[in-house]
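The values are calculated or read from the model by the stated rules, or taken from the named source; none is laboratory data. These numbers were taken from a predicted model, which means no experiment stands behind them. Note: ideal-geometry Cβ built from the backbone for every residue, glycine included; neighbour counts use all protein chains shown. Side chains are part of the model used for accessible areas, which takes the heavy atoms of the whole protein and leaves out ligands, DNA and RNA. Shrake-Rupley method; radii C 1.70, N 1.55, O 1.52, S 1.80 Å.
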Amino acid sequence: MTISEPMTMLTDYLLAAVVAVLALRLYAEGHATGQRAMRWWAGAFLATALAAAVGGTFHGFALILDAATIRELRRVTFLAIGIAAFLMLQGSIVASVGGHARRPLLWANVLKLVVDILWLWSQNDFGVAAYNYVASMLAILLLEVRMAVSSFGPRSRWVLLGLGVSFGAAGLQQAELGLHRHFNHNDLYHVIQMAAFWALYRGGRLLRDK
């Protein structure tokens, strides 16, 4: 059996495993404390783990799988990324916005998810998935900065750190900066994302429904 991109497959699978473990821990804590925001984030982590696992599969077995299968695996990966962005933003809204403003924002995010799914399904393009994900992360960033203005506590520090590291990793990936020909920009991105999700997990544990 020939593996087309062994390091990319390995780092993708490792990222999936790490994020899945963090998701389960976050969900258990959110369930125990009754915090919906934490459970939304746990779902986002699980969707991210799915995206990484499926991504690792079509990167690793590109020489074995037929073109139609690879196309559908890519579609699943991009849809999982979109769902992860939706779930994480839902959790941030629940934790950051109260009163009458919360419901319209939650429904706006649902509408965005529907549009994103239709768009991703028709385009099946990484650029579309990336733009959608970045838009949601920027919205979360704005919500967290808004919270930090009044109280720059540990939650804000961890979440902003995680988002900053994640954006930095994406920048390196887009610039195609790798460490070695056997450790390319995608591999480096996956490794840095593990650190980003650890920081986001630390912040996620401090989410409290507003």
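For the pair S122 and L179, what calculated FRET efficiency results from E = 1/(1 + (r/R0)^6), where r is the Cβ-Cβ distance and R0 = 30 Å, to the nearest 0.05?
For R0 = 30 Å, the calculated efficiency reads 0.25.
Using a Gaussian network model of the chain in which every pair of alpha carbons under 10 angstrom is joined by a spring, one finds that among G99, G153, G55 the greatest mean-square fluctuation is at G99. Sorted on the mean count of surrounding Cβ atoms within 10 Å across their residues, most packed first, peptides 76-85, 177-186, 132-141 read 76-85, 132-141, 177-186. Candidate values (i) 30, 19, 15; (ii) 38, 21, 18; (iii) 25, 21, 18 were compared with semi-axes √(5λ) of the Cα gyration tensor in Å computed on the shown model; the agreeing label is (i). Note on exposure: K210, K112 ranked by accessible area (1.4 Å probe, complete protein assembly) read K210, K112, with the most exposed listed first. Full extension of the chain segment joining R71 with A101 gains 6.8 nm, where the gain is 0.36 nm per residue of separation less the Cα-Cα distance.
Only Lys, Arg, Asp and Glu carry charge here, each on its Cβ (+1 for the first two, -1 for the last two); on that basis segment 108-210 has a dipole of about 520 debye about its Cα centre. For segment 1-122, the Cβ-based charge dipole about the Cα centre amounts to some 520 debye (Lys, Arg positive; Asp, Glu negative; other atoms uncharged). Ranking D66, D187 by solvent-accessible area of protein heavy atoms (1.4 Å probe, all protein chains present), from largest to smallest, gives D66, D187.
Averaging over all projection directions, find the projected area of the Cα convex hull of segment 66-179 and quote it in nm² with one decimal place. Over every viewing direction, the Cα hull of segment 66-179 projects on average to 8.7 nm².
When Rg and Dmax are taken over the Cα atoms of segment 23-127, they come to 16.0, 53 Å. Heavy-atom accessible area for Y13, with the other protein chains in place and a 1.4 Å probe, reaches approximately 80 Å².
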